[in-house]
Structures are given as C-alpha cells and as structure tokens.
Amino acid sequence: MKYTVISKKLLSEDTFQMQIYAPRIANSALPGQFVIIRMRDKSERIPLTISDHNVETGTITLVVKAIGKSTKAMENYQVGDYFEDIVGPLGRPSEFIHIPEEELRSKKFLFIGGGVGIAPIYPQVKWLQEHGVNADVIIGAKTYSLLVFVEELRQRSGNLYITTDDTTGDMQGLVTDVFRKLVQEDKKQYDEVIAIGPMIMMKFVTKMAMEFGLKITVSLNALMVDGTGMCGACRVRIGGETKFTCVDGPEFDGSLVNFDEAMKRQAMYNTVEGRKELKAEEDAEAHVCHVGGISEEHKDRLHRVLVPEQDPNVRNKNFQEVCLGYSAEDAIEEAHRCLQCKNPQCVSGCPVNINIPAFIKQVAEGNFEEAARIIDRDSALPAVCGRVCPQETQCEGKCVLGRKGDPIAIGKLERFVGDWARENHIEFQKPNHKNGIKVAVIGSGPAGITCAKELLTKGYDVTIFEALHQFGGVLVYGIPSFRLPKETVVRHEIENLRKLGCKFEKNVVVGRTISIDALMEKENFKAIFIGSGAGLPTFMGIEGENLCGVVSANEFLTRNNLLFSYKEEYETPNYVGKNVVVVGGGNVAMDAARTALRLGANVSIVYRRSEEELPARKEEVHHAHEEGIDFQLLTNPTEIIGDENGWVKAIRCVRMQLGEADASGRRKPEVIAGSEFEMPTDMVIMALGTTSNPLIGSTTPGLKINAKKSIIADENGQTTREGIFAGGDAVNGSATVILAMGAGKKAAFAMDEYIQQKLRDKFL
C-alpha cells in the first residue's frame, strides 16, 4: 500500500502539516497514539504523534518540525508523493478514554502545550469535547507565528490561553506563568494536567503541578526510536523503574519521570558518539530484544488487561450494563498475551469447541471481522456467551497461562468480537442450498438457538416455537439487563437466525397449543428438538413459604426482565420489600439480589455454605459485594415468620459449619447447636434452582422422563421417541448457557444424521 500525501500546509517557517492516506490507522487511532514513518527504503524511522484522523476519508494528520536531516527531507514532500511505510497506531492511548462517561464529565482537565507539542493536544481536546468535556488549554511559543492548531483548539476547548515570549500573544510569558495565574489568582480547579512539548517545559510544568497537588501526565513520544519494543533505545526511568516509552507510554505520570536523565539520553541521539555510548549502555544492561515484538523481559504475559466497569455506587441504581467491555486497543493488547499453544486446551474446555486460538490471533492482528467469522462457525451467541458464560471453569480454566498468572480473558475477547460484528453490521454466510425438509425447535433459549443455527446451515427449513411473547428464553426473562442487554445483544443474535431463514412462532405452548405428535403428523416436521429449558422453581419446603412476600427468583426476575415492571410505562406490577432476603448462592441468586438492590431494597443473601463454595461465578459475587449486598454465609433458613395479615415479617435461620465432603465433593454443611436467630424482612426470594416443566413429557406418548421430570436423552440428544431430540436444561436441569448451547449443537448433528439415514433408507 502507498501512504499518499493528500494535502500539505505550512504552519510556520519550519513547521508543516500533512494529511496522509492510511485507512487502517485512521480507523483504529485514539488520542495519545503515534506512528512511525519511513520515507523510502533506506530512510530512518521517524516517530510522530497523530494530530488528527478521519475514518471516513481514511486519513491521518501529522505535524512535523523540520529540524533534522530526515524531517528536512520530508519538508520537500508534496501532494501526491507517498511514504514507503507508516506503522501504527502505536503506544497506549490517553488514560482518560477508559474513564466511564458519567465520571469523565465530572472531571476538569487542563492541557499545556508548547511548540510542536501543541498538535498532539488537539485530538485529546477534541475527543473530550465529543464526550461532553470542555477542557482548558494553555499553549505557548516564542512568537505567535510559531503556534499551531490555534483556531482548532479555540473551537474545541473550554478556554484557550495563548502566551508568547514577545507581545504577539494574548499574554507574555511562559506557560507556567499562565498555569500559576489560573490556579492561584483565578482559583480555577483542575483534576488533571496534561503537558506535551519540549522536555524542559514538561519538567517545570510537572514541578508546578506537584506544588499544587495536581495529577500530571506528560508525553515522552520524542524519545521513541523503534516503536515495536525491540530496540530498547526509548527506555526511561519512571519512579525508579525502567520503562519503554513505545510499549509502556508514551504518556506517564510526570511526577515519576526522571527528566534530567531523559534529556541526557535524548541528546545522545544526535551524534555518532552518542549512539555508540547508547549501544554500550544497552549492552551493559543486557536488554533482551525480540524482532517484531515486546521484550520478553518486560512484556507482561501474566496479567490480563482489565475491563472498565461502571462505578459500583452508580450502577447499583440503574439497569445499564456493569461491564463496559474492551476497547479495540485493549482487546489487541490482551490478545497478544495468547501463547498460541500447539495443543490448545482452551478449545477442549469450550462446550461448542470454538477455535479460540484462531480467533484470538486475528484479534491480535486487528482483523476483527475475520475473528467474528471464525467464532460464527461454532457459536450462534458470541456476544451473549462472552458476557454470561463461566469461562473461569471452562475455556479459561484450561488456559496454561492460568498456572502462573491470569488466563487469557477469552470471554471478554469473545464479547468484544461479538459486539464489534454487531456494531459494524457484519453479515455472515447464508446456507448455499435448501433441502426443503422441515424440522422444529421448541424453545428459543440458548439450546434452541444453537440447534436451529446448525440445522439452518445444513439447509433445513427450521421453525422455532416459543411459549412467551419474546424470543430468547432465559436470555430474556432470566438474566438482568445489567448483565445482558436485551434490545441490543440478545435481539441482534436472534435476528441473525432470521437472516439465515429461520421461522419464528411465539405464544405457542407445545403440549397445550399443539402437541409434539401434531407437529409431526399434521405439520410434516421430520424431526423435533426440545429445548424448553427448566423453568419450574424449587422451594425449601419450610414453614411460611406461602406467606405474602415470598416469591421465586424466576417470578421476580421474569417480572423485571421480560415484563419491565420496574419501568413506569409498563403495567406489570411487582412487589419489592424494603428489606429483602435472597436464599441461595448461584448466579440466579446474585441476579435477584442485585435486581432488588437496584429497586431500592436493602438486600441480604443467605447461603448455607461458605463463600468458597458459592456456585455463582466469582465475577458476579465480586460485583454483588461491590454494590453493597450483605452476605450471610454459613446460614440456613428454617422458617419464614408472618404477621397477623399473612405477610412476611422475619426469617428464622441457623448458623452452619462445614463438615466432611458430600456426594458433590463439597463439604457438607452442619447445624451449629444453639445458633438459631431471626432476620427481620418483608420479602424473601427463593433462588434454589429450577427443574424441567413436565408438560411436554406428560403430553407426549413414549417420551420418557426421570424422577426430576427431566426428559431422558442420550449424549447426542436422542430421546426415547424416534425423531425427537432434546438438550439443555430440559434434560440436565438448570445449568449454564454454554452447556445448553453445546447440547443443542450435538443434537443438531444427530438430527441431521437421523434424517439423512431416513433418506438413504427411503423412509422419509
């Protein structure tokens, strides 16, 4: 590809601006990042901060000061000329882009720029304004004619302060003079100062910020030589530790920068003798280099990239998603941790056998569309699974990096890819043939969706029958929006089935509206998959369970998640007590507790084992703790106490201790004698698991069920009735989304084999 100069403008006597065609970089660039340019085959690599970018035109903007041989040669470039190589975007983007928007808007930023350092300030100020923050800006130069991006900054900043050494600016003096005036005389308050410019300027701005007790960030991009982490020339001392500007920066906490050392090292690049001295210094420090990658000595493979989240004290009052997901650059960074094992155990840990190393490799390379297509071959619900699957016990639990550090954040990367595909309207391959054979899927939850997709790709005419008025099963009625958004994530992944040709019928209760036999005999379905889930709630059988104020988690969550009872414009009523006790320790218990909290209740979770034995995902338990849920562990209810009007007023409990392990492998809880106590409450939510609804089993002759009312099926989903298959919670009882998907996938292959055998035998 040729990186062509689209436009060029002289900004001052020795400073010019170029717009260059570089669509990949433009599409990924973020504030604070840089590129490395090589003009021709034998030219040196020049690091330059991205001053602006335009996704629509595929261009990036660079500001260059012609002070050395290479930049003076670049000064001769005209429109139509091209650069041999441009690598980027490189470096970490500005820290503030990861701050949740609500928190970001409450912050006050001051930018201070000098010389060419004014240019990289612009994209940061622009980004902040686009996100509702008007930052103050101070810019300075010897004279006004040397200033750049003045009008652009004037339009994008809250206040622009211009100072020069002479009288051509609004004020005369140094940028630090203006900084002091704003804080000490004008009493302006700032949360953070960001300085970019000559090293000496950043040093004294840092000193003043520290004097005022303000957070100070500086950009050390001028030190960069290689940009890939292999040369070590860009190392700086930060807080006494050696850091590499191109990998760990370019932005650092100014209070930790050893500016004197950095300025010395910067000066060394200008002479042959200096370069020799630098090489000797590098040899002495035994810097380990790896071509094309980060030094293994300093690359952090052991710790995953953290995902931003809503503040706990904000999110516990809303139903917006807690986890905000990876940005593109964070996803790429996390993906680079993957070892690309020759025998990847993570795949064996995935119930639907996604080719995890393959999609992660594509993410690492920035090929998000290809990553999405790889996942799509095996999963119908990437954005769902990335949010709600227990990766820690499945794919991530098998990751070899987890033996010494953090496993790869496979779930978070899958979510990123799923979201990216949705946001970028990626269309997946449709079946290239139709065989005209009708198959039915009962239930539109994860098992049904997965089974349907696999059958659609094989050319079958698939109809999904759903008992409720919305499609998605447990994804819609069971999981709250703060974990799994309905209107975006769930609806989109269901719509992907429609695009494959799937038919949907809602409000059909199989076993009531129509029987299994009628579907086969009257509507000519040649095979049926039952993925009706496990929606029948379980109770403890203790005294007082039928009091007013005692509900199942299923009821409570369905009213909120499917029927939106918490929204004023919806008519479904829902009772929420002031003091709520949730009995149980699984994901459903966490969902119910966190929902009740958001509806204004004081919430306690009662669970008979310790926190170590909680069956809920650790992430959900962690979030519940953060949000203020009270955990009453090693505690078991014995009775629910009512008042004279038949409403709950208290729950009687006993304290427990853990004895020997039971059949499940967990230590058996035992009652501590004399530990009985009462907890005042006006609502109890029972979150004790669910069982299969017996309706289909009881209305389908020859379809056998077990003592728990679950449908009996083999490992491939074949039931005791020919042509009828089942999987997911309808067979196994309440489990996880991904296990249900795995069952749906296996059943689809078995259904295809069954039908094809019938065709071979000419019985169909």
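The values are calculated or read from the model by the stated rules, or taken from the named source; none is laboratory data. The shown structure was predicted, so the numbers you read here are calculated from the model rather than taken from an experiment. Every residue, glycine among them, receives a Cβ derived from its backbone with ideal geometry; neighbour counts consider all protein chains shown.
Below are the figures for this structure:
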item: The stretch 343-358 residues that are more than 18 Å from ALA380 (Cα to Cα) and in contact (Cβ under 8 Å) with a residue 24 or more places away in the chain, paired with ones that are surrounded by fewer than 18 Cβ atoms within 10 Å (Cβ to Cβ) and among the β-branched types (Val, Ile, Thr) (beta carbon under 8 Å, 6 or more apart); result: GLN345/VAL400
item: Filtered residues of the stretch 84-115 (kept if part of a strand (DSSP E or B) and of a type in the set (Val, Ile, Thr)); result: ILE86, VAL87, ILE112
item: Leading residue by the ranking (surrounded by the most Cβ atoms within 10 Å (Cβ to Cβ)) among those in the stretch 653-684 that are small (Gly, Ala, Ser) and more than 38 Å from the chain's Cα centre (by Cα); result: SER675
item: Unique residue being among the polar types (S, T, N, Q), more than 26 Å from the chain's Cα centre (by Cα), crowded, with 17+ Cβ neighbours inside 10 Å and within 25 Å of LEU536 (Cβ to Cβ) when the list is THR595, THR690, THR638; result: THR690
item: Unmet requirement for GLN362, which otherwise passes all of (1) assigned to a helix (DSSP H, G or I); (2) over 28 Å from GLU56 (Cβ atoms); (3) among the polar types (S, T, N, Q); result: (2)
item: Residue check, LYS203 modelled with pLDDT of 80 or more and farther than 22 Å from VAL125 by Cβ; result: yes
item: Candidates PRO23, PRO100 - the one that is out of contact with any strand residue (DSSP E or B) (no Cβ under 6 Å at 6 or more places or on another chain), in the same structural domain as PRO250 (by TED's automatic domain parsing) and either without any contact (Cβ under 8 Å) to a residue 12 or more places away in the chain or surrounded by fewer than 23 Cβ atoms within 10 Å (Cβ to Cβ) (or both); result: PRO100
item: Helices (runs of 4 or more DSSP H) lying entirely in the stretch 395-466 (those with 2 or more residues that are closer than 28 Å to HIS336 by Cα); result: 395-398, 410-423
item: Residues within the stretch 693-733 that are crowded, with 22+ Cβ neighbours inside 10 Å and touching a residue at least 60 places away in the same chain (Cβ under 8 Å), tallied; result: 12
item: Lone unmet requirement of (1) surrounded by fewer than 18 Cβ atoms within 10 Å (Cβ to Cβ); (2) without any contact (Cβ under 8 Å) to a residue 40 or more places away in the chain; (3) closer than 29 Å to HIS131 by Cα for SER7; result: (2)
item: Residues satisfying the stated conditions in the stretch 491-514, i.e. farther than 19 Å from GLU427 by Cβ and modelled with pLDDT of 90 or more; result: LYS503, PHE504
item: Meets criteria (hydroxyl-bearing (Ser, Thr, Tyr), in the same structural domain as LEU614 (by TED's automatic domain parsing) and either at pLDDT 85 or above or assigned to a strand (DSSP E or B) (or both)) for SER664; result: no
item: Odd one out for VAL116 among (1) out of contact with any Phe, Trp or Tyr (no Cβ under 8 Å at 6 or more places or on another chain); (2) outside the structural domain of SER157 (by TED's automatic domain parsing); (3) of a type in the set (A, V, I, L, M, F, W, C); result: (2)
item: Qualifying position, being within 19 Å of PRO47 (Cα to Cα) and either surrounded by 23 or more Cβ atoms within 10 Å (Cβ to Cβ) or without any contact (Cβ under 8 Å) to a residue 40 or more places away in the chain (or both), among SER94, SER157, SER70; result: SER70
item: Positions within the stretch 18-53 being modelled with pLDDT of 85 or more and more than 31 Å from the chain's Cα centre (by Cα), in sequence order; result: MET18, GLN19, ILE20
item: Residue within the stretch 700-711 that is in the same structural domain as VAL550 (by TED's automatic domain parsing), out of contact with any strand residue (DSSP E or B) (no Cβ under 7 Å at 6 or more places or on another chain) and at negative phi present; result: no
item: Where a residue in the stretch 659-674 is farther than 13 Å from THR635 by Cα and its partner, wherever it lies, is of a type in the set (S, T, N, Q), with Cβ under 7 Å and at least six apart; result: none
item: GLY349, sole failed condition from (1) in the same structural domain as PRO480 (by TED's automatic domain parsing); (2) touching a helix residue (DSSP H, G or I) at 6+ places or on another chain (Cβ under 7 Å); (3) of a type outside the set (A, V, I, L, M); result: (1)
item: Some residue of the stretch 234-250 being modelled with pLDDT of 90 or more, hydroxyl-bearing (Ser, Thr, Tyr) and closer than 25 Å to LEU128 by Cβ; result: no
